[in-house]
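What follows is a set of notes on a single structure, which appears directly below.
The values are calculated or read from the model by the stated rules, or taken from the named source; none is laboratory data. If you're wondering where the values come from, they're calculated on a predicted model, not measured in any experiment. Cβ atoms come from the backbone with ideal geometry, glycine included; neighbour counts cover every protein chain shown.
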Amino acid sequence: MNCRILLADDHQIVRQGLRSLLEKAGHSVVAEASDGREALGLARALRPQIAVLDLSMPLINGLELSLELREQCASVRSILLTMHADRRYVTHALRAGARGYVLKTQAAEDLLGAIPVVCRGQVYLSPGLAGALAPDPVDERSGAHSDPLSPRERQVLQLVSEGRTSKHIARQLNISPKTAESHRYNIMRKLGLHDVASLVRYAIGRGMLHAQGGHPEA
């Protein structure tokens with residue numbers, strides 16, 4: 001089964017490697033994106049069958065992008081590429097609408113297996129991740145792993161963690177600077193955090209961005 005695929009990863013060398021792998025297997029890579037915002041626009045315009053998304057991307061991470069695609073481009077099925085094997089990430093990804101979850105350490109082997117499965121409307125997880133779907137007794141009992149933030153607040157959190165100013169966030173999300181500041185305040189209140197450094201650590205722990213953080217603006 002040959003599929004039309006969108007690749008989204010902020011590392012060009014990774015995209016090049018994936019494109020080569022997929023095209024050799026007979027698939028068609030219709031577009032590449034270096035951040036989640038660009039990927040969303042390309043998905044709307046081109047309607048590929050599959051979107052292969054890095055979990056940690058600038059502007060919109062792969063998790064939030066999967067949710068956006070489910071709501072805006074239901075025919076586009078997403079496969080997340082990630083280093084995270086923790087059950088929380090797998091569970092969040094499937095809840096967000098991702099149909100595939102492939103570990104980067106196994107991407108060369110697993111991605112080619114994931115694409116036909118996801119094209120058929122089924123779910124694919126890298127081998128060894130099935131146990132990640134087992135119920136988490138701590139989560140069920142106390143909700144300790146639940147995310148208290150709304151989708152909009154998660155978007156703002158990622159942008160804040162990338163070093164974006166309230167003015168930039170307002171432009172990016174088409175909201176007022178006052179609303180951006182309000183979201184920032186509510187995020188800190190809900191998470192019990194009091195500075196940007198703490199927000200960055202939280203975002204890294206949630207897989208929203210790479211450990212080196214974003215690129216702060218002047």
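Side notes on the structure shown:
- The C-beta contact set for segment 99-113 (first residue closer than 19 Å to HIS27 by Cα and of a type in the set (Val, Ile, Thr), second residue assigned to a helix (DSSP H, G or I) and modelled with pLDDT of 85 or more, distance under 7 angstrom, 6+ apart or interchain) comprises VAL102/ASP110; VAL102/LEU111; VAL102/ALA114.
- For segment 1-52, the tally of residues that are touching a Ser or Thr at 6+ places or on another chain (Cβ under 9 Å) and at positive phi stands at 1.
- Checklist (1) outside any helix (DSSP H, G or I); (2) more than 18 Å from the chain's Cα centre (by Cα); (3) of a type in the set (Gly, Ala, Ser) applied to ALA51, failing item: (2)
- When segment 174-193 is filtered for residues that are assigned to a helix (DSSP H, G or I) and in contact with a Leu (Cβ under 8 Å, 6 or more places away or on another chain), the ones remaining, listed by number, are ALA180, ILE187, MET188, LYS190, LEU191.
- The listed residue being within 23 Å of GLY97 (Cα to Cα), aliphatic (A, V, I, L, M), within 19 Å of the chain's Cα centre (by Cα) and assigned to a helix (DSSP H, G or I), out of ALA39, ALA31: ALA39
- Among the residues making up segment 57-77, those that are in contact with a strand residue (DSSP E or B) (Cβ under 8 Å, 6 or more places away or on another chain) and either farther than 28 Å from HIS168 by Cα or at pLDDT below 85 (or both) are VAL76, ARG77.
- Here ASP110 clears all of (1) surrounded by 20 or more Cβ atoms within 10 Å (Cβ to Cβ); (2) modelled with pLDDT of 90 or more except the condition numbered (2).
- Scoring ILE13 on the criteria (1) under 19 Å from SER150 (Cα atoms); (2) β-branched (Val, Ile, Thr); (3) surrounded by fewer than 24 Cβ atoms within 10 Å (Cβ to Cβ) leaves a single failure, condition (1).
- All positions within segment 76-107 that are part of a strand (DSSP E or B) and not aromatic (Phe, Trp, Tyr): ARG77, SER78, ILE79, LEU80, LEU81, THR82, GLY100, VAL102, LEU103
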